[in-house]
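Below is one structure, written out as structure tokens, with a few remarks after it.
The values are calculated or read from the model by the stated rules, or taken from the named source; none is laboratory data. These numbers were taken from a predicted model, which means no experiment stands behind them. We place every Cβ from the backbone using ideal geometry, glycine too, and count neighbours over all the protein chains shown. Heavy atoms of the whole protein, side chains included, go into the accessibility calculation; ligands, DNA and RNA do not. Shrake-Rupley method; radii C 1.70, N 1.55, O 1.52, S 1.80 Å.
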Amino acid sequence: MSLSAEVICVGTELLLGDILNTNAQFLAQQLAQLGIPHYYQTVVGDNPLRLKKVLAIACERSRLIILTGGLGPTPDDLTIETLADFFDVPLVEHPEILEDITQKYARRGRQMSPSNRKQALLPEGAEVLPNSSGSAPGVIWQPRTGLTILTFPGVPSEMQLMWQETAVPYLRQQGWGQEIIHSRMLKFWGIDESALAEKVAPFLDLGNPTVAPYANHGEVKLRIAARAESEAIARQLIEPVEHQLRQIGGLDYYGADEDSLASVVGEYLQTAHETLSTAESCTGGGLGQMLTSIPGSSNYFMGGVISYDNQAKISLLGVNAQDLAQHGAVSHTIAKQMAAGVRSRLGTTWGLSITGIAGPGGGTTSKPVGLVYIGLAGPQDEIESYEYQFGSFRGRSWIQRISACTALDQLRRRLLTRSLLKDSAF
């Protein structure tokens, strides 16, 4: 039996996708912070037979089993009954739980229904895991030597409070969580996961800290995780590895942890006391939304123009009508004119534009869905444009998002490169 934890989330609504399973994510993060190894997660419906099968497997491979869901008063809330039956012990009513539930209902001006009485039943030998915000208590139970079971309601707010108030102190008292796992997430844009993995291949075999690659929506991440007695020691283990990985990543590395392309671009602009405006066609304001989601962005982002129609490009941005007719809206020429036009109209240091075909229709053989041009106009009146073919297979919203992120990345690279060149001059 492994010295590790296992999470079992109970609820048919989870299997149907009606509810996002945030409990599993929360518990995984919490176990990592406690340094408790965690190798398995299972979602099972409100079915006693299937839950018993899951329990049988979990008991063979893990010493700490954490269950969420199935503790309510309705007939399909069967977690406690199933646990008692699985370990062949009777259910025992706890008067103090019944009184607690009664008082909670009374404080809300309501009367407890008879069905709530089942929530006062716990397996014989189990301790109460109090629920200060809801009616369903959990259990802390050691049904076998070397095996601990914790149960929580499925309501995330109740589960999280119970975890912090009771479960964490209990686990520490029992000898769990003597080490912590601290991680650092490095973020890259403009490089494929496979290409980055090849560059950092020797680091993927490290033991402590470990390095693992992830990819999502065009972004690639490297997670550095260290196990140590304290966060300070873990950080010391991570620091030299992070330094080397950032050097290998070069310009493709843009930030870590909570950083986003929009926040990093904002920091660069604010440091340089420069401003930005945007002109968007196919992204329909998505680029502006990313920028304005950052607190304080009004210090450097002056505004944007959503020039979806060609006439809007002409009247609002000064795009040349003849060029539109000759080259089409989706072209290097128009992307440059949009960037220069919005920069001039709003009086900013930088102008950033996006024009493309997001689909699902509108594509042609010469200009297929997924073709995007990004324009960038700078303080020295330099104007550039970049062509991308993002493909059509991932859909319209994906094309819009990756276009906006790529536009921010192009500006980031320009700002960073210029800063590096300035630094090298001294």
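Within region 107-134, being assigned to a helix (DSSP H, G or I), loosely packed, with under 15 Cβ neighbours inside 10 Å and either touching a Leu at 6+ places or on another chain (Cβ under 7 Å) or basic (Lys, Arg) (or both) holds for one residue alone: Arg107. Of all residues in region 110-131, those that are under 13 Å from Pro73 (Cβ atoms) have Cβ atoms under 6 Å from Cβ atoms of residues that are open to solvent by 50 Å² or more (accessible area, probe 1.4 Å), 6 or more apart or on another chain, in Met112/Thr102; Ala120/Glu93; Leu121/Leu91; Leu121/Glu93.
For beta carbons closer than 6 Å, sequence separation of 6+ or different chains, a first residue in region 32-55 that is in contact (Cβ under 8 Å) with a residue 40 or more places away in the chain and more than 17 Å from Pro209 (Cα to Cα) and a second that is among the hydrophobic types (A, V, I, L, M, F, W, C) and assigned to a helix (DSSP H, G or I), the qualifying pairs are Leu55/Phe86.
Counting just the residues of region 70-92 that are out of contact with any Asp or Glu (no Cβ under 9 Å at 6 or more places or on another chain) and charged (D, E, K, R), which one comes out least open to solvent (accessible area, probe 1.4 Å)? Within region 70-92, the match that is least open to solvent (accessible area, probe 1.4 Å) is Glu81. Only residues that are modelled with pLDDT under 95, assigned to a strand (DSSP E or B) and not aliphatic (A, V, I, L, M) were counted across region 1-48, and they come to 4.
Of the listed requirements (1) farther than 21 Å from Ala225 by Cβ; (2) in a strand (DSSP E or B), Val54 misses just one: (2).
Look at Asp381 and say whether it is outside any helix (DSSP H, G or I), in contact with a helix residue (DSSP H, G or I) (Cβ under 9 Å, 6 or more places away or on another chain) and farther than 24 Å from Gln289 by Cα. Here the answer is yes, as Asp381 does meet what is asked. Could you tell me which of the residues Leu346, Leu415, Leu352 is farther than 19 Å from Gly284 by Cβ and touching a residue at least 12 places away in the same chain (Cβ under 8 Å)? Within the list Leu346, Leu415, Leu352, the selection yields Leu415. Picking from residues in region 283-316 that are within 28 Å of the chain's Cα centre (by Cα), crowded, with 21+ Cβ neighbours inside 10 Å and of a type in the set (Ser, Thr, Tyr), the one that is modelled with the highest pLDDT is Tyr300.
Of all residues in region 242-274, those that are outside any helix (DSSP H, G or I), among the acidic types (Asp, Glu) and farther than 24 Å from Ile181 by Cα total 1. Counting the residues of region 211-237 that are under 20 Å from Gln30 (Cβ atoms) and touching a Ser or Thr at 6+ places or on another chain (Cβ under 9 Å) gives 6. The residue list Ser419, Ser353 contains one member that is crowded, with 22+ Cβ neighbours inside 10 Å, in contact with a helix residue (DSSP H, G or I) (Cβ under 9 Å, 6 or more places away or on another chain) and either small (Gly, Ala, Ser) or part of a strand (DSSP E or B) (or both), which is Ser353. Consider Leu411 carefully, then state whether it is at pLDDT 95 or above and either of a type in the set (A, V, I, L, M) or surrounded by 16 or more Cβ atoms within 10 Å (Cβ to Cβ) (or both). It is true that Leu411 is at pLDDT 95 or above and either of a type in the set (A, V, I, L, M) or surrounded by 16 or more Cβ atoms within 10 Å (Cβ to Cβ) (or both).
Going by the structure shown, is Ala377 in contact (Cβ under 8 Å) with a residue 40 or more places away in the chain, under 22 Å from Ser397 (Cα atoms) and buried (at least 22 other Cβ atoms within 10 Å of the Cβ)? When the stated conditions are applied, Ala377 does not pass them.
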